[in-house]
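Undergrad: Have a look at the structure that comes next, please.
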Amino acid sequence: MVAARHRRQDERLEPLRRVAGALADGHAPSLVVATSIAIAAAAGGVSFALGSNPLSCRGWLGARGAASWLLSLGLGLLVGTVTVGATPAVVRRWRWARALHAALRPVVNGAGDGALLAVALAGAAGEELFFRGLLVPLVGVVASSIAFASLHQIRGPARWGWMLWAGIMGLLFGTIFAATGNLAGPLVAHAVINHHNLRFLRDHNPVAPTRPLGGLLRR
């Protein structure tokens, strides 16, 4: 029974190991980046086909031109800065966050800075153009945020916590876009958060190694 459980766990982790292997090789994570770029291109194409611009919409606040850019970027940087600052505290405080960190860490373990930057930028572009640029004008902020949260799932104790966290971030990004009419802020915030969290995953182990008898037996 124990062996079967371990086999099932190995099967679930196999996709993560493949990605980890690609990252650890020192090459650009071409699959992740290519997929994100394809999603961004598809979202942009559908948006233009429907007669809308995925980078802008009629904002609630009525801001236009430079005002919409400045307002969107300012709110995006605020959300990004607060989120980046809160991440270490959330990982320390909440068990689901530590479980998520431990589950995702093998994916980026050994990855270079360039690979993480590529994933952060491409991932932000793909998700923002699809969930905010395409879906917000079609289905609204709430429904697009629920779809965004549903994408962020992982088996185990981190599942619902990660979905809730992603849903909140989706609401924030969607609200910035819908209010300002400009996607620049959500794009920048998402990229900054992605890059910081990927580096934090790689460089920080939330489970500190323990020493026998508090280190008394260390030689």
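Undergrad: Considering amide H positions built from the backbone, and no H for Pro or chain starts, which residues 5 or more places from N182, or on another chain, come under 5 Å of its amide H?
TA: C57
Undergrad: Separate question: Quote to one decimal, in nm, the extra length available between A102 and V142 on full extension: 0.36 nm per residue of separation minus the C-alpha distance between them.
TA: Between A102 and V142, full extension yields an extra 11.4 nm.
Undergrad: Something else now. Under a crude label model (7 Å from the Cα following the beta-carbon direction), how far is L70 from R199 in nanometres?
TA: Here the answer is 2.9 nm between the modelled labels.
Undergrad: Please report the base-10 log of the normalised intensity I(q)/I(0) for region 33-160, using a Debye sum with one equal scatterer per alpha carbon and no solvent, at each q in 0.17, 0.18 (1/Å).
TA: -1.17, -1.27
Undergrad: Can you give the local net charge around A191? Use residues other than it whose beta-carbon is closer than 11 angstrom to its beta-carbon, Lys and Arg +1, Asp and Glu -1.
TA: Every neighbour counted, the sum reads -2.
Undergrad: So, one more: Please report how far the C-alpha centroid of region 108-160 lies from that of region 64-107, rounded to the nearest whole angstrom.
TA: Region 108-160 and region 64-107 have Cα centres separated by 12 Å.
Undergrad: Okay, moving on. For W60 and W94, compute 0.36 nm times the residue count separating them, minus their Cα-Cα distance, and round to one decimal in nm.
TA: 8.7 nm is the gain from fully extending W60 to W94.
None of the figures in this text is laboratory data; all of them are computed from the coordinates on show. Because the structure is predicted, anything quoted here is derived from the model rather than measured. Ideal geometry is used to build each Cβ from the backbone, glycine not excepted, and the neighbour counts take in all protein chains shown.
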